[in-house]
Each structure stands twice: as structure tokens, then as C-alpha cells.
Amino acid sequence: LYRTTNGANWWTAISPDLTDGPGSGNLTYGTITTIAASASDSQVVYVGTDDANVWVTQDLGANWQDISAGLPDRWVTRVAVDPRDPGVAYVTHSGYKRDSYLPHINRTTNYGQTWQDISGNLPQAPVTVVVVDPDLDSTLYVGSDVGVYVTSNLGQSWSALGTGLPIPVIHDLVLDRGSRSLVAGTHGRSMFRYELDF
């Protein structure tokens, strides 16, 4: 992982290789796939990789902890940090490359020392992105290979969000706090906006 402090004029490595190195055959790995910096503590950064590793630093890269234990052996699609608590984070996975279509989203409240599966009743499809609502406690949004879902109870139950969205892969979700709307970027079907009414 590299960091810049001058608008990308130069970069400094703040980690060793956080992957297991390059793979072999047609399932090659060895790439950081997601980075999540804490909004409430600038020293805390989480990283996920395509070979199922998840790491955290609490001192801006001076020391890294492998927090993958207890998580699925799958491609890490996204890490998201709770905007109010740097010890609370969410990790999503995709098993698409292994012909595994189960949903995977896990939550930690202690910097990854332990994880809780909160996939609940999500449909059987890879989960690609998770967004923590900064204004509503216990509310999360996820994008998957079959749409966007919401929970207001930290994953005890999930429901499809809104109507009119086609069923492509959701690659990204962004919550615009000012307008209270959620924007979804899809695979090949453009972008969609949903006005949150809660």
C-alpha cells in the first residue's frame, strides 16, 4: 500500500506485500482490491486482497495485523469502516471465481479480532460493496450481483431497495448525505440514483 501527502507528486510504501504473492494457472492473485481509511481516526486503515487477506493498521502503516482469520477464503470485494468508530468494519466477498455464489458480509467491532456473519437472508449472489449510513444507526446498504439491499438492524434481515433497478452487477454505491440519495454504478447498465425516504 502506498500513501501520498502532496497530491500524488510522489508516493511512499506504508506496508509490505499484503497478499500471498502471485498465484499460478488461470486463477492468479496478488492484488490489493480495496482500501478503507477511517473517517474518525486517520491512523486506521483496512486493506483487502484478491487472495482473501484482510489487514488493518492502527498507526498509519507502522504495524499491520492480519485479521483474515474467521473470514471466507474468497476475493475481498470491499471493506468499509463505520464513520463513527474505527474499530467497527465490514468486509464483503465474492466467490465468483470459485463458482461459489453465496453472499458474504462480515462485521467486526474490535478491529478484526473477531467477525460476525451478517449475510442473513441476502440472495445467493456475490456481494460487491457495502455502505454504512452515517446518519442512521444499524443501517447498511449492499450492492450484489443481483441488486441493492438494505438492512436497518445490522443484517438480521435484508430487503431489496426500491424498484426500477435492472439486475446487473452493482460495482459501487455512494451515499450522498446532502441529498440523502444512494447512487449505484452497474456493470453495463449505467448509473442509478435512489432517493432515501428514511
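Once the stretch 154-198 is narrowed to residues that are hydroxyl-bearing (Ser, Thr, Tyr) and buried (at least 16 other Cβ atoms within 10 Å of the Cβ), the residue that is farthest from ASP82 (Cα to Cα) is THR186. Taken over the stretch 114-140, the criterion of being within 18 Å of SER38 (Cα to Cα) and assigned to a strand (DSSP E or B) is satisfied by VAL129, VAL130, VAL131, VAL132, LEU140.
Applying the set (1) open to solvent by 10 Å² or more (accessible area, probe 1.4 Å); (2) within 27 Å of THR57 (Cβ to Cβ); (3) polar (S, T, N, Q) to THR92 leaves exactly one unmet item: (1). The selection criterion, being in contact with a Ser or Thr (Cβ under 8 Å, 6 or more places away or on another chain) and either over 19 Å from ARG84 (Cα atoms) or open to solvent by less than 70 Å² (accessible area, probe 1.4 Å) (or both), holds for VAL130.
Taking the criterion of being open to solvent by less than 70 Å² (accessible area, probe 1.4 Å), part of a loop (DSSP other than H, G, I, E, B) and at pLDDT 95 or above, the residues of the stretch 20-42 that qualify are SER38, SER40, ASP41. Summed over the stretch 150-196, the residues that are among the β-branched types (Val, Ile, Thr), at pLDDT 95 or above and over 21 Å from SER119 (Cβ atoms) give a count of 2.
For the stretch 107-118, the set of residues classified as without any contact (Cβ under 8 Å) to a residue 40 or more places away in the chain, touching a strand residue (DSSP E or B) at 6+ places or on another chain (Cβ under 6 Å) and open to solvent by 10 Å² or more (accessible area, probe 1.4 Å) consists of GLN116, ASP117, listed by residue number. What do you reckon, is ASP59 surrounded by 20 or more Cβ atoms within 10 Å (Cβ to Cβ) and charged (D, E, K, R)? No; evaluated as a whole, the condition is false for this residue.
The values are calculated or read from the model by the stated rules, or taken from the named source; none is laboratory data. Please read all numbers here as calculations on a predicted model, not as lab measurements. Heads up, the Cβs are rebuilt from the backbone with ideal geometry, glycines too, and the neighbour counts pull from every protein chain shown. Each accessible area value is taken on the protein alone, full model and side chains, heavy atoms only, with ligands, DNA and RNA left out. Shrake-Rupley method; radii C 1.70, N 1.55, O 1.52, S 1.80 Å.
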